Structures are given as C-alpha cells and as structure tokens.
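Student: Got a structure for you, written out below as structure tokens; questions coming shortly.
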Amino acid sequence: MIIVILLALAVSSALVSPAASTSRGLDRRPEKTWFRVSLRHVDSGGNYTKFERLQRAMKRGKLRLQRLSAKTASFESSVEAPVHAGNGEFLMKLAIGTPAETYSAIMDTGSDLIWTQCKPCKDCFDQPTPIFDPKKSSSFSKLPCSSDLCAALPISSCSDGCEYLYSYGDYSSTQGVLATETFAFGDASVSKIGFGCGEDNDGSGFSQGAGLVGLGRGPLSLISQLGEPKFSYCLTSMDDSKGISSLLVGSEATMKNAITTPLIQNPSQPSFYYLSLEGISVGDTLLPIEKSTFSIQNDGSGGLIIDSGTTITYLEDSAFAALKKEFISQLKLDVDESGSTGLDLCFTLPPDASTVDVPQLVFHFEGADLKLPAENYIIADSGLGVICLTMGSSSGMSIFGNFQQQNIVVLHDLEKETISFAPAQCNQL
C-alpha cells in the first residue's frame, strides 16, 4: 500500500509518499537542431490550489478528448479531413522571423502543424503578444503548391502560394498560407521551418499563446522538419506553481534507468503516439480487462495514446468500470456521491485523518510495467473533505494524460519507434 499524507489546511492538496517520419521536408544547411526549452503550465500565473488547477484543466481536457476521439471533421459538407488535438496545457517560448519576435505557443504532441496568427488578420483571437507581421521579416517566404510540406497538408488549395485549412475536431481551425521562417528555440536558431501563417483562426483553447507547435509523428511537425529522431519532456507536479517543466530535442534528450515500450501505428490517425497497453493492476489485483480493450479497431477507433495536452487519463468505459470497482473494494472508504469535484470517483475523507493508505497502480505496457507514485493518480483536499482518483472514462479512444506523467521523463524515440519512462524531479533538471 502507498500512504497518502493529508495536510490539514483550509484548501490543501495532498502530499504523497511513496513508424515515424523524420523527413526534413525541405533541404537545409547544417544548423543546430538540438535544444532545451522551458515549459510553463497555462495556469501557472493564477492563484489556484492544486484541486482548482486540476478542475480547470479537466474542463479543457474534456474538450480535447472530444477532439481526439473524433475521426474526421467536415467542411462545407463536401470536404473531410483528419482531426487533430488542438489546445494543450503547456506553453513553450520561441522566436519567429528576422529580426526575431518572441512568442509563447502551445506544445502539442497530438498534432503536427506549427502555426501562429499573422497579419493581416481576418479573424483572430486575442493573444498576449503582438500578432506576427510577415512583412517586417526578411526571412519570411511563402511555400509553393509544389512543395512536399504543402502536399502533406490534409486540406490545401493553390492561389497565392500554398493555402491551408487545419481542423481541430470541434470545428476550431486555423486557415492561412503555408510559409517558411527562421525559428529560434532556446539557443538554437533554425531557418526554413515550414509553418502556418494563420489569418483566419476560430475556436476556443488557443488564447493562452500565439499559436501552436505540433510535435506529432507526421511530416509537418517540428520534430520531423528538424530531422531529430528524439525528444523528451519532463512535467513538474501540478501543485508546483513555480516549477519549470522542460522540453528537450535531439541530443539533449537522454535518460538513464528507463523502461521502454514500442510505439504502434494507426493509419487512420498517423500523428498520434499510440502505445500497447496490455493490462492494469491495482495493488496485487490484475484487473479483469479483455485483451482487446485497448486495441486499435479496424475502423481506426479505439487504442490508447500518450498525450501531453490532456490532463487526466481516460480509459475505455469497461476498463474504467473495472478500475473504479477495484479502488472502491480496496480503499474501503465511503464513496462521495455529491459529484461536486467533476471527477468520476471520490471518497469521503475520514474525520481527523492524517494519512490514507492507497493501493499501488501499475500500467502494464508492452515490455514496460509503469508503477505510478500515488500523487500521479490520487488527489485529496481536506477543505472539501474528499480524496479522488484522477482518471475518467471514455467511450472511444483511451488517453494516458499528463497528470499521470508528473515527474517522469518521457522520451520519444522515432527512430527506434519507442517511448521510454524514467522517474525524475522535473523541477531540478
């Protein structure tokens, strides 16, 4: 059993004790393409408790779940395109153009396109920094319709260069011209990065930054364009308001004492990072989950992805039902039926409780048994008088969320087609 220590504060949170494409898309001269950048949670500037941060993130996550679970989005009743994840939870700093202008953009492992809002803007959301003006940059260049990156777009047209429409499933979208620019990430400056110069951008969830950096498996993503086969991130605990998470690309992305599981492909959703989840254990009990529960179906539905932009883990309905039943059996606390938290399973804290024993949770990925620390799946609030499981159910795709990835280095190796995990104190890296 793992002991959860409860702090008696008015609104306290719990302290816890124990095949990808790497095509560059464009020819480029040798440049430094490995780097390290800091990541900031979108709510890091707010005065929120851990529970409040989680609730805010879950509201965004439910929208993202709908986006991820959708297979295609239709436009003007005659055009269909694959959908992408869209909004996320972590912002990364970058600079665009010559001279360089600094922006914050959403890091997204669930999509490919890199884009920012551009002048002249027909329809743009409010952003914290000035909108990028390509006329002021000497390195801006529109891509022709004959380019490989234009061909990789799900929807494009040819007028004044390569024009794109990129959808995020709930009819959020960005539309504009595909171009190349010089981008700076940390101490690395890379020319001729293909990106979307968005002049017509609709939808919710983007306003925390000036656009989005796609880190998916497709040719439009930053990773593929850089030709770097590895990247990793390490996300600090949600209650660490000053902690800085990190993204490492290329030779910066290394780790020790890791467990490794293969990536699998879904032809219907080639950008997502699918994993083979073979089972889940609660304490000493292996849950009675059918082996096919987390398999990708013939129509491309189902499966399990690992995602940086979805907060809590969502499991297929029958798997979550088994997980919920086992936690109720082993925790032996009264189930909280109020529904006030937004989480699917909460328990009433015993009066004057200082600790609660919770069972060990293990995700059995192919070749890798990932034992999660209790703080990565349990949250308690003595002010509300509850202790909750930070997971939910999904009627389609399952998602391994970022709450479960706290203080774990997650390494994506697109050459070996694997993902590796290693525990770490992310605020000390």
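The values are calculated or read from the model by the stated rules, or taken from the named source; none is laboratory data. Remember, predicted model here, so these are calculated numbers, not experimental data. Cβ placement follows ideal geometry from the backbone for every residue including glycine, while neighbour counts extend to all protein chains displayed.
Student: Among the listed residues Gly211, Gly216, Gly196, identify the single one that is on the phi > 0 side of the Ramachandran plot, among the small types (Gly, Ala, Ser) and assigned by the TED database to the domain that holds Asp123.
Tutor: Working: Gly216 fails: on the phi > 0 side of the Ramachandran plot; Gly196 fails: on the phi > 0 side of the Ramachandran plot.
The conditions single out Gly211.
Student: If I ask for residues that are surrounded by fewer than 20 Cβ atoms within 10 Å (Cβ to Cβ) and in a loop (DSSP other than H, G, I, E, B), which ones from the range 342-357 would you list? So that I can check it myself, show each step before the final result.
Tutor: Pass one, the range 342-357, residues surrounded by fewer than 20 Cβ atoms within 10 Å (Cβ to Cβ): 342, 344, 348, 350-355, 357.
Result: Gly342, Asp344, Pro350, Pro351, Asp352, Ala353, Ser354.
Student: Filtering the range 156-178 down to residues that are part of a strand (DSSP E or B) and out of contact with any strand residue (DSSP E or B) (no Cβ under 6 Å at 6 or more places or on another chain), which residue is modelled with the lowest pLDDT? Even if it seems obvious, please write down each step before you answer.
Tutor: In the first step, residues of the range 156-178 are kept if they are part of a strand (DSSP E or B); the result is 156-159, 161-167, 173-178.
From the residues that got through so far, the ones that are out of contact with any strand residue (DSSP E or B) (no Cβ under 6 Å at 6 or more places or on another chain) too are 158-159.
Details: Cys158: 91, Ser159: 85.
So the residue we want is Ser159.
The rows are residues; the columns are (1) at pLDDT below 95; (2) assigned by the TED database to the domain that holds Thr285; (3) within 20 Å of Phe421 (Cα to Cα); (4) in contact with a His (Cβ under 7 Å, 6 or more places away or on another chain).
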{"position": "Glu326", "(1), (2), (3), (4)": "no, yes, no, no"}
{"position": "Ser329", "(1), (2), (3), (4)": "no, yes, no, no"}
{"position": "Ser340", "(1), (2), (3), (4)": "yes, yes, no, no"}
{"position": "Cys346", "(1), (2), (3), (4)": "no, yes, no, no"}
{"position": "Ser354", "(1), (2), (3), (4)": "yes, yes, no, no"}
{"position": "His364", "(1), (2), (3), (4)": "no, yes, yes, no"}
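Student: Another one. Evaluate the following for Val409: is it under 21 Å from the mean Cα position of the chain (by Cα), crowded, with 20+ Cβ neighbours inside 10 Å, at pLDDT 95 or above and at negative phi? Working first, answer last.
Tutor: Values: under 21 Å from the mean Cα position of the chain (by Cα): yes; crowded, with 20+ Cβ neighbours inside 10 Å: yes; at pLDDT 95 or above: yes; at negative phi: yes.
Against the criterion (under 21 Å from the mean Cα position of the chain (by Cα), crowded, with 20+ Cβ neighbours inside 10 Å, at pLDDT 95 or above and at negative phi), Val409 qualifies.
Student: Next up: Among the residues of the range 305-332, write down those that are more than 29 Å from His41 (Cα to Cα), surrounded by 19 or more Cβ atoms within 10 Å (Cβ to Cβ) and in contact with a Ser or Thr (Cβ under 7 Å, 6 or more places away or on another chain).
Tutor: Selection gives Ala319, Glu326.
Student: To continue, here is another question. Mind checking which residues of the range 84-128 are surrounded by fewer than 24 Cβ atoms within 10 Å (Cβ to Cβ) and of a type in the set (Asp, Glu)?
Tutor: Scanning the range 84-128 gives Glu101, Asp123, Asp126.
Student: Answer yes or no as to whether Ser398 is under 26 Å from Arg64 (Cα atoms) and hydroxyl-bearing (Ser, Thr, Tyr). Please lay out each step first, then the result.
Tutor: Working: under 26 Å from Arg64 (Cα atoms): yes; hydroxyl-bearing (Ser, Thr, Tyr): yes.
The answer is yes for Ser398.
Student: Taking the criterion of being touching an Asp or Glu at 6+ places or on another chain (Cβ under 8 Å) and crowded, with 20+ Cβ neighbours inside 10 Å, would at least one residue in the range 142-150 satisfy it?
Tutor: no
Student: From the set of residues in the range 370-391 that are at pLDDT below 95 and more than 16 Å from Val358 (Cβ to Cβ), which is surrounded by the fewest Cβ atoms within 10 Å (Cβ to Cβ)?
Tutor: Per the stated criteria, the residue is Gly383.
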